[in-house]
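Peer 1: One structure coming up, written as structure tokens, with questions to follow.
We did not get these values from a lab; they are worked out from the coordinates using the rules stated. Everything quoted here is computed from the prediction, not taken from an experiment. Cβ atoms come from the backbone with ideal geometry, glycine included; neighbour counts cover every protein chain shown.
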Amino acid sequence: MSRAKPIDFATYKKVHKLSVNGFNHWLMDLCGSIYDDGVRYATQDCVASLTEEHLMEILLSVKGIGKNRAEQVVKRILDEGITYGIKT
């Protein structure tokens, strides 16, 4: 994930002239954008790091779960699909 850039002077001047209500709207839009970016980046990381083989390894490392049960769980997960973030 890239590091955030400092605010530029034009944006500072724009925000400085806003009313309290206008600043509140600007800030809420900014927070929403940051949240959406976080969800998107987290989703990309999760999807990239979770493979079928990795999931099998994790399940097989749990005491009491054998190969057949682990395969059933992985199949069920793949059949149902995996969703991340907020459903719209």
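Peer 1: Residue 55: net charge of surrounding residues, Cβ under 15 Å, Lys/Arg +1, Asp/Glu -1, itself excluded?
Peer 2: With Lys, Arg at +1 and Asp, Glu at -1, the net is -2.
Peer 1: If we sort 69-77, 31-39 on the protection proxy, mean other Cβ atoms within 10 Å, highest first, what's the order?
Peer 2: By packing density, highest mean first, the sequence is 69-77, 31-39.
Peer 1: Provide the net charge surrounding residue 29, with neighbours chosen by a C-beta distance below 14 Å and charges set as Lys +1, Arg +1, Asp -1, Glu -1.
Peer 2: Neighbourhood net charge equals -1.
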